[in-house]
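Right, one structure below, let's go through it.
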Amino acid sequence: MSFWLLLLPVISAFIGWFTNWIAIRMLFHPRAPKKFLGITIQGIFPKRQQQFAEKLGKLVSQELLSFDEIAGKLTNPGNLSSLTPHVEEHIDHFLRVKLKEAMPMISMFIGDKTIAQLKGIFMDELQQLFPVIMEKYMGTLKEQLDLEKIVVEKVSAFSTDKLEEILLQIMAKEFRFVEIIGAVLGFLIGLVQIAITLLAGN
């Protein structure tokens, strides 16, 4: 068996590793379109960044950050009840301190029993009023705040250098595994080539 025939698996392994290495690099490079032999080449992420931004914008606005869900959370009775002690404390301070400072004559006729009654009335009214106010506020906010547009603009302006850095940090092991798989498959193909050559020779 010749030396060059034995070298086939090694060469095939190198080619398999190199092609996968090139494929991974071409996810991000070249950043700008470049012509090579009449063919325009550009990295997948830089080339598709605008499309990616638009898709992500739709996903965020429709699935991840739904205004209806946010409004539902804000107007949920359970969430409102958690705020009740703070609101009640504020009303109590208003009736006992601020009202006395602003209108001393009226405060002279308001005792603890009256304050308690007023607090109860205010709290009942606020519990009915707050969900209505929040729903109207969220409706106005939805009209004024275009989440999809904001996400598209942010992602479109995102540096591809930074994106590459982040993805390489997160997926370094996976990229390395892809490169190794390429080498292993290339080596196996080289062994098959040797087997086919030997069988053909016999």
Considering only the other residues whose Cβ falls under 15 Å of the Cβ of residue 24, what net charge follows from Lys and Arg at +1 and Asp and Glu at -1?
-1
In the structure displayed, which of 55/162; 55/173; 73/149; 113/136; 35/162; 73/154 lie more than 31 Å apart, Cα to Cα?
113/136
With DSSP loop assignment and no more than 15 other C-beta atoms within 10 Å, the GluC sites (Glu not before Pro) in the stretch 108-179 are none
Selected from 138, 105, 171 as most flexible by GNM, with the chain as the system and alpha-carbon contacts under 10 Å
105
About the Cα centre, and with charges only on the beta carbon of Lys, Arg (+1) and Asp, Glu (-1), how big is the dipole of the chain? Nearest 20 debye, please.
880
Which of 61, 159, 82 fluctuates most in a GNM of the chain (C-alpha springs under 10 Å)? That residue is 82
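Can you tell me the alpha carbon radius of gyration of the stretch 3-201 divided by the globular rule-of-thumb value 2.2 N^0.38 Å?
For the stretch 3-201, the normalised Cα radius of gyration comes out at 2.03.
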Name the helices (complete DSSP H segments) of the chain with a Cα length along the long axis of 27 Å or more and a Kyte-Doolittle mean of at least -0.5, or state none.
3-25, 112-144, 160-201
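Rule-based calculations on the coordinates, nothing more; no lab input. Computed from a prediction, not measured in an experiment: that's the story for all the values here. Note: ideal-geometry Cβ built from the backbone for every residue, glycine included; neighbour counts use all protein chains shown.
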